[in-house]
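Beneath this line is the structure, given in structure tokens, with notes to follow.
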Amino acid sequence: MVTFVYLVAYLGTVACAAIIVLNVIKYLKKPQHVRWELYPVGHEQGHRASYGGSYLEEVDWWKQKQTGSFFGGLKALLIEVLFLHATFEHNKKLWGRTYPFHFGLYMLFGGFFLTIFAALAQLMGVVPGAFFTTVGNLVQVLSLVGFLGVIGGTCGLIHRRLNQEDLRKYSTRDHYFNLGAFLLLGLLGGVTWLGSPSFFELGRNFIANMLSFKFVDPGSASFSLYLILGFALAAYVPATHMGHFYMKYFMYHDIRWGDQPSQDSATIQGKIGRMLNYRVSWSAPHIKGDGEKTWAEVATTNPSANPDGKN
Amino acid sequence: MKSSLTLNDISRANGQLTTVEMIELMDLPLDVAKMPWKPLSEEQQNTYCCLLDDLVVLQIPRPKTPVEEEELVNKFLDGMRKLFSEQDNWTFLSMLETSVNYCAQCNSCSEACHLFEVTGGHEMYRPNFRSEIFRRIYKQYVKKEPFAKWRYGDLDLNWKTVARLGELAFRCNLCRRCAQTCPIGVDNGLIAREIRKLFSQELGINPPELHEKGSMLQLRTGSSTAMDSMVVRDNVEFIDEDFADVTGYAFKTPWDVEGADILLVHNAGEIMAWPENIAAFSIIFQAAGLSWTLSSALAAYDGINYGTFYDDVQFARTALLHAQAAKKLGVKKIVLGECGHAHKALTIIADRVLPPELDIPRESCFPLLRDIVMSGKIAFDPSRNNFPVTLHDPCNAVRLMGIVKPQRDIMHHLCPQFREMHPHGVNNYCCGGGSGFAIMSRNNIEIWRNNISGRKKMAQIADAFADCLGPETKKYICAPCSNCKGQIRELIAHNGLLEKNSLHYGGIVELIVNAMVDVNPGYIKWEEE
């Protein structure tokens, strides 16, 4: 059982990282899409940012390189991620349930990374003292708030999906399975937190053992189950629709806010050239793609003016 | 027929799936009758798949045999595979995949949709309804995800599913207000467009107004109005003469001037329906001393690009013709007239379709008009515009391009009684004619545009003029987009709002010329609506 816990932890960590990296690479390797932005865009600068304006409001906009504000984009994304601003604006009843859930996860992640930090310190020979006490107290609080948030949030979300007709129709076994798994995680964590002198100590020791490949008993049955479920979820979540936690970056920056004109990017221009040589196999009579003709050839054919296909 | 739909009803129900009852429609503070649906004829029902509601937009031929039914399903699946292929759908693959893979089914987008709101929350109009059917078909039948049936529910894919999903893609104005509200960045409007595209590009099924009478006609004659270059030049010459007499301002619209600074591209529908818009541009540009021209090259005198609404190939063909005309004339830039989708098509989408040698700079007319108005080159008397004016924001130019303020600068400068609609700017509502509906009037579509798609805009207009709604005050709805004007014209005419409320509509250049000191007073003809 002890070895199994560590095995799941290693596999979960590797799988989580691998799935995220592979999905990001897969996205980045996708063909250059057309522009499809939606205003307001987060990186717009100055007064225009306040009403959703764009550089296209200027005559001869192409005479200046359009750069955008990195901090504007970062600020808009942080507000969205940290406060779930769009859900608050457009779906307050759901926000009241999903925000505790997400906030709980943020707290747990915060506690987790602090615990990793403390475990590394432990491995480097830092002696227990004021440092561990401070970090430990912080992790204790973050974990408790996290478990309560996850438990409360998942219960609220399950309740809403079951009882709100518009959500019930669109809620699948997948949703209930996912929420149920997080609820169980919160409960296992909460039970462990209540049943042990220090959740932080358990976590720090486990991670230190994990990093040093010492398969020592994690300390309690509930904590072992918590670890198994937590690391299994780490591998599972990025592969599902919940992978929005990292894909959202691209969905915002590359698509919704993707207003970079091609004239400012030799990379984009080069990609467009390649895309225009992609093969077309759409079958409709006005296209007659045979898998051989390129987009450039199809786009420069006028089937209406020259029905025989000759230009 | 069902009013409370589930996703599986799309494939299980027989006959017409649903309807929108008149009683469900949002009430308006205007004297507007709710028009009952006309029954579809037996011939229509035998010829086309009339399976969704009281409308038939797409006109999918009704399969006559089980073999034809199977063929429809198989072609649809072929098209769906191509939508997810890098070669066939490089243009939108990234957006489509992310919108299919990462939706959390929170339905936060529902309330943003004007169609959903005015129908009292009819399930068919929930932005996620069609998207989730599309997602489930993809996951179960194309991607074949493990345990897809168990995880997401078993959705039967049969010819009725395909036919209804195709029609559903045309119960959306593609205004993308839903996408704007999504916390994740999912775009249900895009999915509606991709379904349209699948039917057009793979099955060759599309609304005739957009395809045969739209993009194909434009590619053949130069314009979806069927005007060839000779006719269009004659018509504009006539407009010049007519409006020079009316305004007392001598002007001439230049054609095919090589090396001009600006190629102005109008929506040719203006030439036919709103010549005062064409004349106003010519007057303003001449008065401002601009170097500019129109082009009589194929398609270059009509900025429309209906491919924007349903077909990437038709889009690319039309955009290329526009750019080639500019290249041939050697102009410094293209300026788009008052046509929202032409703005987005040529400025935004074409930006990553045109090769660098055809990447002639392109911009909206609104910033240029703003700069002209503010420059002091033309003398204005704003008191000539001293009547209530409100501004409609065309989705394509505003939410999808971020061109918000120039129009308002003009309004504030020239219209003493300007007032906003609420919400406005990037949060505006569609006029109800968006994505091609403004040019469709058949099979109950015109009733739909009045009852449903234009309803929210009518409510906004009534609200903006709440202090002067009676017929004694002439009011002007400034809709600087040809499609939006067409839709608002219908709303006013069908409901008698000119007589009842003295509601008038027009573009932004008409307001500018109406305030020009050098032009005879009364450019806006109130009685000629």
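Here, each number is a calculation from the coordinates, and none is a lab measurement. The structure presented is a predicted model; accordingly, all values stated were derived computationally and were not measured. Here the Cβ is made from the backbone with ideal geometry for all residues, glycine too, and neighbour counts use every protein chain on show.
Quick notes
- Gyration tensor verdict on chain B (Cα atoms; rounded if a/c is under 1.5, prolate if a/b is larger than b/c, oblate otherwise): prolate
- Each residue of the stretch B:61-74 was assigned a 3J(HN,Hα) from its phi angle through the Karplus expression (A = 6.51, B = -1.76, C = 1.60, θ = phi - 60°), giving x, 6, x, 9, 9, x, 5, 5, 4, 5, 5, 4, 5, 5 Hz with x at Gly and Pro.
- Across the stretch B:332-348, coupling constants 3J(HN,Hα) worked out from phi with the 6.51/-1.76/1.60 Karplus curve, θ = phi - 60°, read 7, 7, 9, 10, 8, x, 7, 8, x, 6, 5, 3, 5, 4, 7, 7, 9 Hz, and Gly and Pro carry x.
- Assigned charges on the beta-carbon of Lys, Arg, Asp, Glu; the protein assembly as shown dipole about Cα centre (debye): 2800
- Euclidean distance between Cα centres, the stretch B:177-215 to the stretch A:159-202, Å: 38
- Here the label points at A:Phe177 and A:Phe109, each 7 Å from Cα along the C-beta direction, are separated by 2.4 nm in the simple model.
- Value of relative contact order over the stretch A:250-311, rounded to a whole percent, pairs C-alpha under 8 Å and six or more apart: 19
- 25 Å Cα-Cα threshold exceeded, pairs from A:Lys288/B:Lys333; A:Lys248/B:Lys457; B:Lys252/B:Lys328; A:Lys30/B:Lys144; A:Lys65/B:Lys327; A:Lys293/B:Lys333: A:Lys288/B:Lys333; A:Lys248/B:Lys457; A:Lys293/B:Lys333
- Rounded to 10°, Cα long-axis angle of helix B:312-329 versus longest principal axis of chain B: 20
- In order through the stretch B:351-366: 3J(HN,Hα) via Karplus (6.51 cos²θ - 1.76 cosθ + 1.60), integer Hz, x for Gly, Pro: 4, 10, 10, 6, x, x, 5, 10, 7, 6, x, 9, 8, 6, 6, 5
- Descending principal axes extents, the protein assembly as shown, alpha-carbon based, whole Å: 96, 65, 56
- Percent of Cα pairs exceeding the 20 Å cut-off, where the set is the stretch B:380-514: 42
- Percentage, to the nearest whole number, of Cα pairs in the stretch B:461-529 over 17 Å apart: 44
- Top of A:Val59, A:Val21, A:Val126 by mean-square fluctuation, Gaussian network on chain A, Cα under 10 Å: A:Val59
- Reciprocal mean inverse distance between Cα atoms of the stretch B:221-369 - Kirkwood radius, Å: 15.2
- What you get for the stretch B:282-391, charging only the Cβ of Lys and Arg (+1) and of Asp and Glu (-1), is a dipole of about 240 debye around the Cα centre.
- Dipole of the stretch A:88-173 computed with +1 at Lys/Arg Cβ and -1 at Asp/Glu Cβ about the Cα centre; of A:Asn91, A:Gly149, A:Leu123, farthest Cα towards the positive end is A:Asn91.
- Two-decimal Rg/Rh across the stretch B:9-201, once Rg and the Kirkwood Rh are taken from alpha-carbon atoms: 0.97
- Compared with the dominant Cα axis of chain B, that is its longest principal axis, helix B:159-168 is turned about 20°.
- Of the residues A:Val24, B:Leu157, A:Leu38, the one whose Cα sits farthest toward the positive end of the charge dipole of the protein assembly as shown, with +1 on the Cβ of Lys and Arg and -1 on the Cβ of Asp and Glu, is A:Val24.
- Anisotropy class of the stretch B:144-207 from Cα gyration tensor, a/c 1.5 cut: oblate
- Using C-alpha pairs under 8 Å with a sequence gap of at least 6, the mean separation divided by the residue count of chain A gives a relative contact order of 25 percent.
- In terms of its Cα atoms, chain A spans 81, 49, 47 Å along the principal axes, sorted from long to short.
- When the charge dipole of the stretch B:444-529 is built from unit charges on Cβ atoms (+1 for Lys and Arg, -1 for Asp and Glu) and taken about the Cα centre, the candidate among B:Ile488, B:Ile445, B:Cys468 whose Cα reaches farthest toward its positive end is B:Ile445.
- Cross-link partners of B:Lys143 among aspartates and glutamates, defined as those whose alpha carbon lies under 18 angstrom from its own and excluding same-chain residues fewer than eight positions apart: A:Asp174, B:Asp78, B:Glu86, B:Asp88, B:Glu97, B:Glu132, B:Asp154, B:Asp156, B:Glu194.
- CD proxy at 222 nm, helix term only [per DSSP H run n ≥ 4: -39500 (n - 2.57); per residue of the protein assembly as shown; nearest 500]: -14500 deg cm²/dmol
- Dipole magnitude for the stretch B:135-193: about 40 debye, using +1 per Lys or Arg Cβ and -1 per Asp or Glu Cβ, origin at the Cα centre.
- Residue-averaged beta-carbon neighbours from other chains (10 angstrom radius) around A:87-94: 5
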